[in-house]
1. Going by what's in this entry, would residue 91 be described as more than 14 Å from the chain's Cα centre (by Cα), among the polar types (S, T, N, Q) and part of a helix (DSSP H, G or I)?
2. For residue 18, state whether it is part of a helix (DSSP H, G or I), under 12 Å from the mean Cα position of the chain (by Cα) and not charged (D, E, K, R).
3. Within the range 11-32, can one find any residue that is at pLDDT below 90, surrounded by fewer than 17 Cβ atoms within 10 Å (Cβ to Cβ) and of a type outside the set (A, V, I, L, M)?
4. Under 6 Å by Cβ, and 6 or more places apart or on different chains, what pairs join a residue from the range 36-59 that is assigned by TED's automatic domain parsing to the domain that holds residue 11 with one that is in a loop (DSSP other than H, G, I, E, B) and modelled with pLDDT of 95 or more?
Amino acid sequence: MPRKRSKFKLETQESRTLKKMRLALGLSLIRAGRKSGINPTEINHFENGWLTVTESYIQRFIKGLGYTQKDWEEFYLGRTTVFDLRDECISIIKKMDNDKLRGIHGMLVSFSN
């Protein structure tokens, strides 16, 4: 049975965290819906405070998008996540000159083996 959308929008730390997690993966509402099996409209309503975020929804959402409980806690508490670190590294790499990029490439390759 579909949930009734509230007349009032109430964004919470949970709703903001859900949106941040979706965006960290670069997913639109539609792509997040396909990946998680959750209706994109429902995702939108939870993220924007039209529906109250429940623990069961959080678990369904994080599992559907491939997150862990630890990921949820880091996002929720505003800690630096691996997604933040990855974005920052990419930003730094984009600003490097060619010589530094070649040096960093060798180091990254050695870490990936």
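1. When the stated conditions are applied, residue 91 passes them.
2. Against the criterion (part of a helix (DSSP H, G or I), under 12 Å from the mean Cα position of the chain (by Cα) and not charged (D, E, K, R)), residue 18 qualifies.
3. yes
4. Pairs that qualify, where the first residue is assigned by TED's automatic domain parsing to the domain that holds residue 11 and the partner is in a loop (DSSP other than H, G, I, E, B) and modelled with pLDDT of 95 or more, are 36/65.
The values are calculated or read from the model by the stated rules, or taken from the named source; none is laboratory data. These numbers come from a predicted model, not from an experiment. Cβ: placed from backbone, ideal geometry, glycine included. Neighbour counts: every protein chain shown.
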